[in-house]
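Just below is one structure, and these are the notes that go with it.
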Amino acid sequence: MSKDFLADEDPVKLQEFEDRIERGEKIEPVDWMPKLYRKQLIRMIEQHAHSEIIGSLPEGTWITRAPGFKRKLALMAKVQDEVGHAQLLYSAAETLGKSREQMIVDLINGKSKYSNIFNYPAYTWADSCFISWLVDAGAIVNQVANSRGSYGPYCRALERICVEEAFHLKYGHHCVIHMATGTDIQKKMMQEAINRWWKPMLMFFGPPDKISAHTETLMKWKVKMLSNDDTRQQFLGMYVPKIWELDLTIPDEKLRKNDDGKWEYTEPDWEEFKRVINGDGPCNAERLAVRRTAEERGRWVREALNRPKATYVTPLA
Amino acid sequence: MDEALKELLYKMADDLLIIGHRNSEWTGLGPILEEDIAFSSMAQDKIGQSQVIYQILNKLGESEPDIVAFTRNANQFHNCQFVELPIGEYDFSLMRQFLFDLAEWHRWDSLSGSSFEPIAQAAKKFRGEIRYHNMHAKSLIKVLGNATDESIQRLQKSLDESIPFALGIFELSPFEELLINENIFKGELKLKEKWQSSVSEILLETSLILPDLNEINPVQGGRTGQHTEHLQPLLDEMSEVLNVDPTAEW
Amino acid sequence: MKLTDRSLDPRINRLQLSETDIIEKDQLDQLETYEVFIQTKEGRPLQHEGIVHAYDEEIAFVFAKEQFSRRATCVGMIIVRSDNVEASEMNDDGRNVYDLFQEPSVIENEKSTYEVFHLLKRGKQHIHAGSVQAGSSEEAFYEAKLNLDPGNPARPVLNIWLIKTDDIFSSDEEDVELWLTTPGKTFREAMDYKGADKIKKYKESKENG
């Protein structure tokens with residue numbers, strides 16, 4: 001297979017770089033790295049950061065309406081964590097040479113992507129419970145895999161994130177358990193939320209990977225750790241039984257585990273996925289409009305917080 | 001005595017719950033990520049503090065915190081009107097935080113020596129949190145209050161709009177003398193004096209001008225259940241999910 | 001796709017979103033960065049945690065306290081502007097990076113104190129190793145080599161950060177109370193959300209009809 005994208009890289013340096021990764025050592029910001037590595041990591045980490053800040057919006061709407069002190073405080077802390085994760089991830093991407101200004105601008109001008117699942121609306125409290133439990137569960141599958149990747153700053157950010165996600169997962173599950181084992185009104189609300197979110201949830205892991213020299217190289221460089229189908233299977237294996245044990249149904253007649261351990265399901269509509277991720281979803285316009293408004297309204301604060309002698313340097317670690 | 005104590009505790013808890021709730025509206029929408037994170041922590045602190053005070057009230061015979069906080073109507077709340085006002089833009093929320101937190105600093109400081117043991121303990125427990133809230137407000141007001149024409153103008157406008165409402169924090173209770181004589185609390189007048197002094201001191205380091213407080217009519221009524229048109233919608237929103245099924249455990 | 005008039009999110013409705021053009025940002029719109037180091041317990045060394053974007057050291061401290069220690073046990077925190085950190089090379093072949101340093105050619109008379117931080121493993125973070133007196137960073141690296149190099153061939157120092165003590169903003173003794181209530185905030189810990197009992201009760205209640 002052709003590897004033209006590595007054509008103008010120093011072969012000696014490339015070999016040292018690949019040897020280091022194979023030894024299981026992390027690459028740090030000051031190290032030599034191929035252009036593709038840097039470019040791909042920036043894109044990946046940046047997208048992850050954008051997903052966190054946009055992801056804070058569907059659950060964020062329920063903070064002021066959370067039922068009771070315990071849920072109120074927990075949801076505030078959870079959404080705060082997401083903003084915190086965005087900060088950690090932007091910082092990791094900054095070490096690769098892209099400024100936070102540029103990353104934010106690319107997000108709000110529609111140039112960069114974020115996880116498609118956040119383009120759907122959280123209609124009810126039960127929707128927020130679904131997101132807190134299962135969307136976070138999906139994210140954790142990816143995060144745990146990527147935390148074994150090769151780039152130091154991204155791994156360090158992911159380690160912190162994984163620790164906080166443990167709280168998110170338990171909180172979300174706790175909420176769903178209460179809904180599913182609660183009153184008839186609660187059960188109905190929860191079931192309807194599952195019916196709404198199941199298809200987007202399956203699409204969360206992305207379409208089946210196309211095998212290419214690109215993908216192979218990225219896996220060798222420990223940038224891509226698991227295939228999209230693998231993460232989807234992991235998720236199904238871990239969480240479908242937990243959903244079923246609460247007597248909640250999943251709106252997919254084909255969903256079952258084969259004898260060989262593999263999960264069967266109705267293939268998601270990848271055309272819909274493409275349409276939504278390219279701007280035609282229920283909430284895309286609103287999500288970006290909110291971020292733009294927040295940025296514009298906060299501009300005076302940032303301008304005032306700028307010291308005359310401020311200088312920016314690319315972070316070291 | 002019980003009545004006096006409950007009046008004091010209710011107004012404190014209600015202030016904290018409502019301002020915490022307002023400030024939580026900024027989560028995810030802050031002017032810069034780091035400030036968003038800090039502001040959210042402080043909102044959680046405030047709500048956590050209100051919960052502790054409602055728990056003290058519960059031990060004095062009032063209903064449980066969730067009931068008291070999530071099922072009363074506006075005319076039953078004793079927060080000052082200042083804290084129920086909408087979040088506005090960041091200059092207003094920051095200025096409100098600054099003015100409110102300085103009052104909190106002195107209030108909790110005076111309560112740390114209270115003869116009512118539970119509140120004295122709470123005061124000691126929350127010292128670090130209040131310290132952080134004031135550290136945050138002070139450093140931001142000092143920078144933004146000197147930085148650009150726009151930041152100074154915005155903060156000045158917010159200060160001018162806030163002061164009448166801020167003075168409402170110190171609305172006198174019918175039980176002032178009783179609380180002072182029993183060494184439970186040093187009273188709103190003393191509190192206001194200390195607050196005024198701290199506010200002036202800090203603002204002197206900025207380009208902001210504190211209006212003459214003697215010329216201002218305080219906006220009062222919150223302590224006796226008289227509120228702006230903003231509180232009931234806030235409470236309706238706060239209890240929206242709970243009201244979907246009041247019999248449920250969420 | 002057009003913005004709808006009403007959002008599902010009440011606070012977004014209150015914001016009254018406006019349509020905006022393509023947004024530009026000035027170069028320092030997100031300010032400059034500051035390095036954050038935390039001491040989790042008495043007796044433990046300061047360890048690097050990450051960066052915050054801020055106006056100055058004081059505001060960086062306010063920001064860092066929540067971003068990096070809202071859950072951690074913490075007894076001290078220091079802040080330094082990223083621009084004030086001087087880094088050595090990263091060693092590349094298993095040798096100790098201190099091997100690269102030789103006696104400086106020029107010794108300055110006026111000395112400053114420098115704090116020295118070591119990286120002992122790729123993927124981990126820099127840890128405070130101690131301080132040296134020196135008249136220049138060249139001297140400081142050499143002094144650190146003489147006095148702070150652990151000299152363990154099994155764990156060579158991979159990378160060194162030098163920071164002038166004067167450039168460091170440090171928390172006070174009394175600041176310890178800032179972290180007093182942190183351990184009690186279990187509402188944001190996984191341990192507060194044990195659902196297994198409720199599932200068990202639910203299953204039992206089904207069996208009992």
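For the reader, a short list of remarks on this structure follows.
- Normalised radius of gyration (Cα atoms, divided by 2.2 N^0.38 Å) for the protein assembly as shown: 1.00.
- What you get for the stretch B:115-250, charging only the Cβ of Lys and Arg (+1) and of Asp and Glu (-1), is a dipole of about 740 debye around the Cα centre.
- Stretchable slack from B:Asn181 to B:Ser197, in nm (0.36 nm times residue separation minus alpha-carbon distance): 3.3 nm
- For the stretch A:1-147, the tally of Lys pairs with Cα-Cα distances below 19 Å comes to 15, considering only residues 8 or more apart or on different chains.
- Measuring r between the beta carbons of A:Asp252 and B:Glu229 and using R0 = 45 Å, the FRET efficiency lands at 0.40.
- Residue-wise HN-Hα couplings along the stretch B:36-47, as the Karplus relation 6.51 cos²θ - 1.76 cosθ + 1.60 with θ = phi - 60° gives them from phi, are 4, 5, 5, 5, 5, 4, 5, 5, 5, 4, 4, 5 Hz; Gly and Pro carry x.
- Across chain A: Cys residues that no other cysteine approaches within a C-beta distance under 4.7 Å: A:Cys155, A:Cys162, A:Cys283
- Amide H contacts for A:Ile27 (H built 1.01 Å from N in the peptide plane; partners 5 or more residues away or on another chain; cut-off under 5 Å): A:Tyr151, A:Gly152.
- Charge tally in the Cβ shell below 14 Å around C:Glu57, where Lys, Arg are +1 and Asp, Glu are -1, C:Glu57 excluded: -4
- Here is the size of chain A from its Cα atoms: Rg then Dmax, 20.7, 67 Å.
- Chain A: most fluctuating residue of A:Arg297, A:Arg196, A:Arg43 per GNM, C-alpha cutoff 10 Å: A:Arg297
- Pairwise centroid distance, computed over Cα atoms, of the stretch A:254-317 with the stretch B:76-95, Å: 31 Å
- Within the stretch A:226-317, the GluC sites (Glu not before Pro) that combine a DSSP coil assignment with at most 12 other C-beta atoms in a 10 angstrom radius are A:Glu253.
- Take each peptide in B:74-82, B:220-228, count the other Cβ atoms within 10 Å of every residue, and average; sorted highest first, the result is B:74-82, B:220-228.
- Couplings 3J(HN,Hα) for the stretch A:136-152, derived from phi with the Karplus relation 6.51 cos²θ - 1.76 cosθ + 1.60 (θ = phi - 60°), are 5, 4, x, 4, 5, 4, 5, 5, 4, 4, 5, 5, 9, x, 9, 8, x Hz, where x marks Gly and Pro.
- Taking max minus min of the alpha-carbon positions on each principal axis, the stretch C:85-168 gives extents of 36, 27, 18 Å, largest first.
- Per-residue ellipticity at 222 nm, computed for chain B from helices alone with -39500 (n - 2.57) per DSSP H run of at least four residues, works out to -21500 deg cm²/dmol.
- Lysine-lysine proximity count for the stretch C:121-191, Cα under 26 Å, sequence distance 8 or more or distinct chains: 5
- Whole-angstrom gap from the stretch A:98-149 to the stretch C:60-132, using each part's C-alpha centre: 33 Å
- Amide H contacts of B:Val219: B:Phe165, B:Leu167, B:Gly168, each under 5 Å away and 5 or more positions distant or on a separate chain (H built 1.01 Å from N in the peptide plane; Pro and chain starts excluded).
- For the protein assembly as shown, size of Cβ-based charge dipole, Lys and Arg +1, Asp and Glu -1, in debye: 2000 debye
- Gap separating the Cα centres of the stretch A:44-79 and the stretch A:204-233, nearest whole Å: 28 Å
- For chain C, averaging the sequence separation of C-alpha pairs within contact (under 8 Å, six or more residues apart) and dividing by the residue count gives a relative contact order of 20 percent.
- Cross-link partners of A:Lys224 among aspartates and glutamates (Cα-Cα below 15 Å; sequence separation of 8 or more within a chain): A:Glu18, A:Glu22, A:Glu46, A:Asp209, A:Glu216
- Normalised convex hull volume, the stretch B:2-244, alpha-carbon set, Å³ per residue: 117 Å³
- Hits among lysines - C-alpha to C-alpha of B:Lys142 under 22 Å, sequence gap 8 or more where chains match: A:Lys309, B:Lys157, B:Lys192, B:Lys194, C:Lys65
- Dipole magnitude of chain B about its Cα centre (Cβ charges: Lys, Arg +1; Asp, Glu -1), debye to nearest 20: 740 debye
- Each residue of the stretch A:60-74 is assigned a 3J(HN,Hα), and the resulting list reads x, 5, 9, 4, 6, 10, 4, x, x, 4, 4, 5, 4, 5, 5 Hz, derived from the Karplus form 6.51 cos²θ - 1.76 cosθ + 1.60 (θ = phi - 60°), x at Gly and Pro.
- Paramagnetic reach from B:Asp2 in the stretch B:32-66 [backbone N under 16 Å; point 7 Å along Cα→Cβ]: B:56-64
- Mean residue ellipticity (222 nm) of chain C, computed from DSSP H runs ≥ 4 via -39,500 (n - 2.57), nearest 500: -6000 deg cm²/dmol
- Largest GNM mean-square fluctuation across A:Ile177, A:Ile243, A:Ile211, computed for chain A with C-alpha springs under 10 Å, falls on A:Ile211.
- Against chain C, whose longest principal axis is taken from its Cα atoms, helix C:196-207 shows a tilt of about 30°.
- Simple rule: put +1 on each Lys or Arg Cβ and -1 on each Asp or Glu Cβ in the protein assembly as shown, find the dipole, and look at C:Tyr193, A:Gly97, B:Pro86; the Cα lying farthest toward the positive end is C:Tyr193.
- Once backbone amide H atoms are built at 1.01 Å from N, C:Glu32 has C:Ala54 as its partners under 5 Å, excluding neighbours fewer than 5 places away on the same chain.
- Here the Debye sum runs over all C-alpha atoms of the stretch C:28-84 as equal scatterers in vacuum, and log10 of I(q)/I(0) at q = 0.22, 0.23, 0.24 Å⁻¹ comes out as -0.76, -0.82, -0.88.
- Fewest-first ranking of C:Met90, A:Met103, using other Cβ atoms within 10 Å as the exposure measure: C:Met90, A:Met103
- Looking at the stretch C:149-199, the GluC sites (Glu not before Pro) that sit in a DSSP loop and have at most 12 other Cβ atoms within 10 Å of their own Cβ are C:Glu173.
- Dipole of the protein assembly as shown, positive direction: furthest Cα of A:Ala294, B:Gln51, A:Gly206, with charges on the beta-carbon: A:Gly206
- The label-point distance for C:Ala196 and C:Ala72, in a model that sets each label 7 Å from Cα toward Cβ, rounds to 3.1 nm.
- Each of the peptides C:136-145, A:128-137, B:178-187 was scored by the mean count of other Cβ atoms within 10 Å over its residues; in descending order, highest first, they stand as A:128-137, C:136-145, B:178-187.
- Order of C:Glu207, A:Glu52 under a 10 Å beta carbon neighbour criterion, fewest first: C:Glu207, A:Glu52
- Summary value for the stretch B:2-244: 26 percent relative contact order, contacts being C-alpha pairs under 8 angstrom separated by 6+ residues.
- A:Arg20, A:Arg71 arranged by Cβ crowding within 10 Å, fewest neighbours leading: A:Arg20, A:Arg71
- Backbone N atoms of the stretch A:240-277 closer than 12 Å to the 7 Å Cα→Cβ label point of C:Lys203 belong to residues A:242, A:245-247.
- When the charge dipole of the protein assembly as shown is built from unit charges on Cβ atoms (+1 for Lys and Arg, -1 for Asp and Glu) and taken about the Cα centre, the candidate among B:Ser151, C:Leu120, B:Asn243 whose Cα reaches farthest toward its positive end is B:Asn243.
Taken together, the values in this text are just the output of simple stated rules run on the coordinates, not laboratory data. No experiment lies behind these values; they were computed from the predicted model shown. When we count neighbours, we look across all protein chains shown, and the Cβ atoms used for this are built from the backbone with ideal geometry, even at glycine.
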